[in-house]
Amino acid sequence: MSTEDQELDKISKMLECGATMLSQHCQSCGSPLFRYQGEIICPVCQDRDEPINETSQPQEYPTDVEYQNQTSNSYEEPEQVSVEKEKPETATIPTGSDVQLTRDLVLKKVNSVAQMMQEENDTRRVFEYFDIIDRGMELVEKIDRNR
């Protein structure tokens, strides 16, 4: 089994165990981070015993047998939660100065992301930055068309 297949297998097991995949990626290996039992862990670096960041160490997650034992014997009914309906807020029409402030803010963020992208070596993150820049520029174009 290749290294990439082994990493995908570890990631799959985290999902099977009920871990939540986060939008953040490990700074060491680039793998997605997971939240499991209140801890944020990297399934790939776990075997290397390297810290994910300065404050937390990776923890073990259940093996296939442990997972099957956990899921086969312990079904719990979901807790009922009451939801109170709130009154909808009335929308206000933005003024010209509000629109200009929004446009300026979007352009500042686009420039900030472009500067961050200059120092990035991870191609996935570079593509994420391109996507953010593209969306920001689309917003600016929409604002300009609707003026």
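A few comments on the model shown:
- Spacing of the modelled spin labels on Thr20 and Ser112, each 7 Å from Cα toward Cβ, amounts to 2.4 nm.
- Kirkwood Rh in Å, taken over all unlike Cα pairs in region 96-145: 11.4
Rule-based calculations on the coordinates, nothing more; no lab input. Here the structure is a predicted model, which is why all the values come from computation and not from measurement. Every residue, glycine as well, gets a Cβ built from its backbone with ideal geometry; the counts of neighbours run over all protein chains shown.
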